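*Asks:* Have a look at the structure that comes next, please.
The values are calculated or read from the model by the stated rules, or taken from the named source; none is laboratory data. Everything numeric here is computed off the predicted structure, so don't read it as measured data. For neighbour counting, all protein chains shown are included, and Cβ atoms are generated from backbone atoms with ideal geometry for every residue, glycine included. We work out accessible area using only protein heavy atoms, side chains counted, and drop any ligands, DNA or RNA first. Shrake-Rupley method; radii C 1.70, N 1.55, O 1.52, S 1.80 Å.
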Amino acid sequence: TAPEKAYVRFSHKTIDGVPLIAQIIDNWEKLVHFQARPDDLLIATFPKAGTTWMQEIVDMIYKEGDAEVCKRAPVYERMPFLEWPSIPPMPSGIEVLDGMPSPRVIKTHLQFKHVPKSFWENNCKMIYMARNPKDNLVSYYHFERMTLTQIDPGTWEEYLGNFMQGNELFFSKFYKQTNNLKKKKIQRNVLYIFFENSFQNPKREILKVLTFLGRELPDDVVEKIVHHTSFESMKINPMTNYTTLPKILPKTIFRPGISSFMRKGQ
Ligand code: A3P
């Protein structure tokens, strides 16, 4: 394992107490004024709650089960990450989204109070995926060790202690994000999906997403979506497993030999 000091982590700032990559906060006004379109779909999660899984399910639904079309580009290009800053040569999420044809599917880890107003004003549909706190935290811990945009998580004991004390984690306070959503759900166009339910019965949860999106697909296509979005398929698919990202950002994204994006999926 390469020593931590051989790699430089990003610098960070806070907004409302939430630590984020400094460039996100430096460009906050652009984010606040981001123009959502009525047919945008927002996939919102706490990091590591199954974002990529839901993104792939939605793309397979939009592309009516055509797995080859869903391999046209890595998931982070097909469905831009709203608050992602420009990390050359990668453009920012907003830069990509502004030039993207509709219908757009957009990923965010922002707390709902930080989601740009235009999403609410346009009554955009949103899918919020949540995972049980223990697995979510374990997954996030391994991810934060590996990923240079994140704050060094320290030891597991320190990390867990921080979480148990209710401190802010990178991007969000876990419970604050999840609980705020429950309040919003009553008034808003939000579908709430649990990682564990999807794991136990993927087809049932995919059908919920399909209904929410107002679409219908034949049963054999739904079965194809179940297969293509299984952990086993997504782990070996370069367009979903994030192995393409270090090729674009070789020194600035993942410390090699620490962990992987598709780790255990359980
Ligand atoms: P683990 O680290 O526990 O393996 P996100 O996309 O929000 O960053 O979440 C990543 C987590 O979701 C990782 O968890 C990853 O393995 C898991 N995951 C991704 N696709 C999955 C799938 N199809 N089935 C089960 N878990 C999946």
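*Asks:* Would you kindly state the longest site-free stretch of the chain, with sites defined as GluC sites (Glu not before Pro) in a DSSP loop (not H, G, I, E, B) surrounded by at most 12 other Cβ atoms within 10 Å?
*Replies:* 69-215
*Asks:* Continuing with the same structure: Want the number for SER102 to LYS203: 0.36 nm per residue separation, take away the alpha-carbon distance, what's left?
*Replies:* Once the chain is fully extended between SER102 and LYS203, it gains 33.7 nm.
*Asks:* Here is a follow-up. Could you give the length gained on full extension between TYR192 and SER11, defined as 0.36 nm per residue of separation minus the Cα-Cα distance, in nm?
*Replies:* Contour length minus the Cα-Cα distance gives 61.9 nm.
*Asks:* Something else about it: Just the number please: accessible area per residue for the chain, 1.4 Å probe, all protein chains included, in Å².
*Replies:* Averaged over the residues of the chain, the accessible area is 47 Å².
*Asks:* Could you tell me the calculated FRET efficiency between GLU223 and HIS33, based on Cβ-Cβ distance and R0 = 51 angstrom, to the nearest 0.05?
*Replies:* That pair, GLU223 with HIS33, gives E of 0.75.
*Asks:* Something else about it: Enumerate the amide H contacts of ILE127 below 5 Å, restricted to partners 5 or more residues apart or on another chain; note that Pro and chain-start residues carry no placed amide H.
*Replies:* LEU42, ILE43, ALA44, LEU191
*Asks:* Once phi is turned into ³J(HN,Hα) by the Karplus curve 6.51 cos²θ - 1.76 cosθ + 1.60 with θ = phi - 60°, what whole-Hz value does each residue of region 145-157 show in order, with x for glycine and proline?
*Replies:* 4, 7, 9, 7, 6, 8, 6, 4, x, x, 7, 4, 4
*Asks:* With an 8 Å cut-off on Cα pairs and a minimum separation of 6 or more residues, tell me the relative contact order of the chain in percent.
*Replies:* 28 percent
*Asks:* Okay, moving on. On the protein heavy atoms, probe 1.4 angstrom, tell me the percent of accessible surface of region 226-266 carried by carbon and sulfur.
*Replies:* Roughly 64 percent, rounded to a whole number.
*Asks:* Further question on the same structure: Per 0.36 nm of contour for each residue apart, how much would the distance between ASP26 and GLN165 grow if the chain were fully extended, relative to their Cα-Cα spacing?
*Replies:* Contour length minus Cα-Cα distance gives 47.2 nm.
*Asks:* Under 5 Å between amide hydrogens, which residues at least 5 positions from PHE194 or on another chain qualify, with H placed 1.01 Å from N in the peptide plane?
*Replies:* Long-range HN contacts for PHE194: ALA130.
*Asks:* Also: Cross-link partners among aspartates and glutamates for LYS235, C-alpha distance below 17 Å, same-chain residues fewer than 8 apart left out?
*Replies:* Reachable aspartates and glutamates: GLU56, ASP59, GLU68.
*Asks:* For the chain, give the share of DSSP beta bridges that are antiparallel, in percent and rounded to the nearest 5; count only bridges with both residues there.
*Replies:* In the chain, approximately 30 percent of DSSP beta bridges are antiparallel ones.
*Asks:* Okay, next question. Kindly provide the pair-distance distribution of region 45-160 built from C-alpha pairs, with 5 Å bins from 0 and whole-percent values in order of increasing distance.
*Replies:* 2, 9, 16, 21, 21, 16, 10, 3, 1, 0
*Asks:* For region 1-71, just run the numbers: alpha carbon Rg, then divide by 2.2 N^0.38 Å, N being how many residues it has.
*Replies:* Region 1-71 yields a ratio of 1.57.
*Asks:* Please go through the residue pairs LYS13/LYS125; LYS134/LYS251; LYS13/LYS224; LYS13/LYS71; LYS13/LYS63 and name each one whose alpha carbons sit more than 32 Å apart in this structure.
*Replies:* In this structure, LYS13/LYS224; LYS13/LYS71; LYS13/LYS63 lie more than 32 Å apart at Cα.
*Asks:* Checking the a/c ratio against 1.5 first, then a/b against b/c, what shape does the Cα gyration tensor give for the chain?
*Replies:* Rounded, because the longest to shortest axis ratio a/c is under 1.5.
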